[in-house]
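Right, one structure below, let's go through it.
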Amino acid sequence: MLIMEKKNIDWANLGFGYVKTDKRFVSNYKNGAWDEGALISDPNVVISECAGVLQYAQTCFEGMKAYTTEDGHIVIFRPDLNGQRMEDSCRRLEMPVFPKERFVEAVCETVAANEAYVPPYGSGATLYVRPYMFGSDAVIGVSPSSEYQFRVFTTPVGPYFKGGVKPLTIRISDYDRAAPHGTGHIKAGLNYAMSLYPIMEAHRQGFDENLYLDAATRTKVEETGGANFLFVTKDNKVVTPKSGSILPSITRRSLVSVAQDYLGLEVEEREVYLDELKDFAECGLCGTAAVISPVGKINDHGKEICFPSGMDKMGPVTQKLYDTLTGIQMGRIEAPEGWIRIIK
């Protein structure tokens, strides 16, 4: 196996930001069909000033990571689920589906072409992979584009928790993240644009994140806008909120499997009410970037809900979930069949 020499990067001090890599995958949709696509060197996107993505935000994306495992392989984690979720996003946004099989191939090709940027095992860093699609042709009336571009780029990123894990303080937001029957269940760019003001307002008030409630009744927990919630009861049951307007996190689905199949814990996916938060022992936010971010307390308009796990470290069940899933991703623990795609 030919090993590509790694780039001269200070892996230990990488932040969570964009670093240009050598290759990216691009495929264009025109006249009702996708072309074969290719790896290119140019990182710039050239589109019409009237492109559908610029006028009406017709775009969706995915986020995933490539890792170097303990035995030296480069792998990606459950890319088929990202491909399926992107298909679902495309259908909801009236965009042509880029088939999930081709999606996985494109992701694998892009990671392999940027092998020199995949951080070494033990560095705490990973290669972030961003597949995305947008309407590229001129659209002035409110209608779907007729031409689209699907792209995949990569960027090496540092560990999400620099200097160790510190539980977050989050607030209950007065804003709604997603309407019932809206687009909360897909990974549309417009969902994230709408979350920018609430998250910056939360930061200005000294909070790390927002907890969004359901828009219809404002009595049930949904998500943060960038991550799903995971709670642990005082008798070690794992509970995740259920709602049609929550984005189905691949990390959350994986943690649920880990809880049941590796740790033997009972798991409930159900509606979680705001007034029961005070009864949970642990709380975490799960997503690609950090796997699990522990939550120490939630501020409900001045009233604090403090979890027994505290503000110093992850709770014990959350820690076991985190250690097991990252162990699977890094090759230290045997993965369920189909979870790990070996690139090299």
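The values are calculated or read from the model by the stated rules, or taken from the named source; none is laboratory data. Keep in mind that this is a model prediction, so the values were computed, not measured. Heads up, the Cβs are rebuilt from the backbone with ideal geometry, glycines too, and the neighbour counts pull from every protein chain shown. Only protein heavy atoms, including side chains, enter the accessible area calculation; ligands, DNA and RNA are left aside. Shrake-Rupley method; radii C 1.70, N 1.55, O 1.52, S 1.80 Å.
Miscellaneous remarks
- Taking each residue of region 1-17 that is open to solvent by less than 40 Å² (accessible area, probe 1.4 Å) and looking for partners that are of a type in the set (S, T, N, Q) and modelled with pLDDT under 90 with beta-carbon atoms closer than 8 Å, six or more apart or interchain, yields nothing.
- In region 121-150, residue nearest to K6 (Cα to Cα) [restricted to those that are open to solvent by 50 Å² or more (accessible area, probe 1.4 Å) and in contact with a Lys or Arg (Cβ under 9 Å, 6 or more places away or on another chain)]: R130
- Filter pass, Y192 being of a type in the set (S, T, Y) and either buried (at least 19 other Cβ atoms within 10 Å of the Cβ) or without any contact (Cβ under 8 Å) to a residue 12 or more places away in the chain (or both): no
- Within region 275-306, considering residues that are touching a residue at least 60 places away in the same chain (Cβ under 8 Å) and outside any strand (DSSP E or B), the one most open to solvent (accessible area, probe 1.4 Å): H301
- Conditions (1) in contact (Cβ under 8 Å) with a residue 24 or more places away in the chain; (2) open to solvent by 20 Å² or more (accessible area, probe 1.4 Å); (3) not hydrophobic (A, V, I, L, M, F, W, C): number failed by E115: (2)
- Meets criteria (outside any helix (DSSP H, G or I) and either modelled with pLDDT under 95 or closer than 16 Å to P159 by Cβ (or both)) for G331: yes
- Scanning region 11-49 for residues that are in contact with a helix residue (DSSP H, G or I) (Cβ under 9 Å, 6 or more places away or on another chain) and more than 27 Å from V97 (Cα to Cα) yields a total of 1.
- For the residues L321, L325, the requirement of being open to solvent by less than 50 Å² (accessible area, probe 1.4 Å), within 21 Å of D235 (Cβ to Cβ) and touching a residue at least 12 places away in the same chain (Cβ under 8 Å) singles out L321.
- Residue count for region 27-57 under the criterion of being more than 15 Å from G135 (Cβ to Cβ) and among the aliphatic types (A, V, I, L, M): the result is 4.
- One residue from R91, R130 being under 18 Å from the mean Cα position of the chain (by Cα) and charged (D, E, K, R): R130
- Failed item in (1) out of contact with any strand residue (DSSP E or B) (no Cβ under 6 Å at 6 or more places or on another chain); (2) surrounded by fewer than 23 Cβ atoms within 10 Å (Cβ to Cβ); (3) touching a residue at least 60 places away in the same chain (Cβ under 8 Å), with T233 passing the rest: (3)
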